[in-house]
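The block underneath contains the structure these notes are about, expressed in C-alpha cells.
The values are calculated or read from the model by the stated rules, or taken from the named source; none is laboratory data. Note that this is a predicted model, so its numbers are computed, not measured. Heads up: the accessible areas ignore ligands, DNA and RNA and are worked out on the full protein's heavy atoms, side chains in. Shrake-Rupley method; radii C 1.70, N 1.55, O 1.52, S 1.80 Å.
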Amino acid sequence: MSNSPDGGTLKNIVSHCKEYGFIYPSSDIYDGLGATYDYGPNGSELKNNIKEYWWKAMVSMHSNIVGIDAAIFMHPTTWKASGHVDAFNDPLIDNKDSKKRYRADVLIEEYIAKIEGKISKEVTKAAKRFGDSFDEAQFVSTNPRVVGYKEKIQSIEYRMGQALETGDLSDLKLLIEELEIADPVSGSKNWTDVRQFNLMFSTEVGSLADGAEKIYLRPETAQGIFVNYLNVQKTSRLKTPFGIAQIGKAFRNEIIARQFIFRMREFEQMEMQFFVQPGTEMEWYEHWKEKRIKWHKSLGLGEEKYRFHDHVNLAHYANAASDIEFNFPMGFKEIEGIHSRTDFDLKAHEEHSGKKLQFFDQNTNESYVPYVVETSIGLDRMFLAIMSAAYEEEKLEDGSERTVLRIPPALAPNKVAILPLVNKDGLPEKAEEILNEIKFDFAYQYDVKDAIGRRYRRQDAIGTPYCVTIDHQTLEDNTVTIRERDSMKQERVSIDRLISTLHEKVDMKHLLKSLA
Ligand code: GAP
C-alpha cells in the first residue's frame, strides 16, 4: 500500500534519496547550493543504468544512429546562431508583497491545470453516476459545464501563445490580472510588469589582460551535434535518414528552481537529432513520438503515468513539438520533448559560420540542408520518475511495514545482495566464494551485519531486486535461497545455476528486446 496514489510524496522521496545514498544536496556542509544536487553511490549506479538503457535503445539498436561526446564550451557564435542569446528567455514576474519571483507562463499554466482538475472531477462524478454505460468521450464533448471549461482553457492558451510569440509582455501581465491569479505563497495579486530574463550562464576564456572572450555554458547538448553533423556524417559514411546521439551536462540559470531534481541549474540531457530529407519530417516526428513513448512504457512504471502534451506555443526553432509528460508526485509534468526543428539550426549555422552544411543525397542527386527531428529527455527527470513510481511504504500482512523501491531490475543500482545467514560456521567464506564468481556479472552488495530480516529491509530500501542467502544447508548441498524483492518469495537454487538464473531475471537485454 503506497502512501499516496502516485507513489511517494516528493518530501519522502527527497529524504529517502539522502538517507540511502541516492542524492545529496550539493555542497551539503555549506548548507547546499540552490537547485544543484550530487548523486551518491546508489544514485550514480542508477543514473548510469538509465544512460545505458537509453544509449543501447537509441544507438546500439539502430545502425543509422551514432553517438558523440562534444565539449560543454562552444564557440560563442554558436549561441547567437541558435537563437539562445536573443531568445532563450523566461518571462518573469515578481509579486510586490511577497517579493517572490515567478515565471509568468507557469503561473498561467498552473491556472489552466486547475481548470483541468475541475474537468477530471466532473468526469469522475459522472462515471460514478452512470456506471458501466458511461461514455467519457461523449460526456466531455456535450456536458455544458465541461465544454465551458474547455473553451476557457482554449482561449487562455491562445492568448498566452500570442503574447509569448509576439513578445507582448504587457498582455501577459494583463492576462494574469484578468484571471485574478494570486501569488501561491501569499495570496497577493500585486504584480510587477513581466520582464524577459536570459537563462544562459556565461564565463570568460583567456586572461582579462589579453581581452578575455565571453563564452557560455551550453544550455542544451543539441548544438554540439548540429555543429558536428557534417564531420560525423562523413566519417561514419551516413545517409539520410540518420541520427546523432549524445548524453551530457547542460546548464540553465533557472529562476524558479524547486521540486528537487525536476528543475536544476546543472542537469544532464540525453538527446538525439535525426537528420531527414526535407518534407519527410512529420513522418519521422510521428515515428519518434511512438518510439519514445514505447521506451518509457517498457519500464513498467505504469502506462497511465504517461501522456502526450502537444505544444501550442512552439519554440523559436520548431514547426511541431510534443512533450511526453509523466505523473510525478506534483502532477503531470514534462519528462521528454520531441521536436521537429526544421532546418532552423543548420541554416543559422551556415549563415553565421559561412560554411556550407548541405548533404549530398545520392538517391536524388541533390544537395540540401536536412530537416531535424529531435528527441530530448532529461536524465535527472527520468531518475525522479523512476524513484517516484518505485517508492512505496508498504504495510505487510503481519502488520509490519517496509519501505521498498520497486525499481525495474535491469536499472536497479545493485542487482543482488549476498547475505551469509550468520557471521560464523564457514558461511562468510562460502559467501565470499560466490561473490568472487558473481562480481564479474552483477553489481552487488555484501552484508553480514544484523538479523536477516533487517538486512532484507535495507536491500528493499535501495531497490535490490534479489537477495541470495547462504545458510547451513548451503554447505551440505551447494544450494542457496533467492528472495525476490517485490513478492518477498524465496526459492532454492543450486549455486551452479545462480548466475544464469540471475541473468534471466535482471539483464537489460530482455527490456531491449521488448522494444524491437
Ligand atoms: N534540445 C531541446 C531542449 O533542450 P528542452 O525542452 O528545453 O529542450 C529537454 O529540454 C529536456 O531536458 C526536458 O524535457 C527536461 O527533461 C530536461 N530539462 C530541461 N530543463 C531542465 C532543468 N532545469 N532541470 C532538469 N531537467 C531539465
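Within a straight-line Cα-Cα reach of under 13 Å, K100 can be paired with the following aspartates and glutamates, leaving aside sequence neighbours fewer than 8 residues apart in one chain: D183. All Cα-Cα separations within the chain were binned at 10 Å from zero, giving a P(r) of 3, 15, 24, 24, 18, 10, 4, 1, 0, each value a whole percent of the pairs.
Protein heavy-atom accessible surface, 1.4 Å probe, per residue over the stretch 89-198: 60 Å².
Here the stretch 89-198 exposes an accessible surface that is 49 percent carbon and sulfur, computed with a 1.4 Å probe and the other protein chains kept in place.
Say the cut-off is 23 Å between C-alpha atoms; which of K415/K509; K80/K291; K234/K356; K395/K430; K239/K509 go over it? Violating the 23 Å limit, Cα to Cα: K80/K291; K395/K430; K239/K509. Here the contact order of the chain, divided by its residue count and restricted to Cα pairs under 8 Å and six or more residues apart, works out to 16 percent.
State the extension gain, in nm to one decimal, for the chain segment bounded by L33 and E180, taking 0.36 nm per residue of separation less the distance between their alpha-carbons.
49.5 nm
Here the Kirkwood formula, the inverse mean of 1/r across different C-alpha pairs, assigns the stretch 253-350 a hydrodynamic radius of 15.2 Å. Note down the Stokes-Einstein diffusion coefficient of the stretch 72-221 in µm²/s, whole number, using a Kirkwood radius over alpha carbon pairs, 4 °C, and 1.567 mPa s. Stokes-Einstein gives a translational diffusion coefficient of 69 µm²/s. Surface exposure of the stretch 228-313, expressed per residue as accessible area with a 1.4 Å probe, stands at 44 Å². On a straight-distance basis, which aspartates and glutamates could pair with K355 in a cross-link, Cα separation under 14 angstrom, same-chain partners fewer than 8 positions away excluded? Result set, ordered by chain and number: D345.
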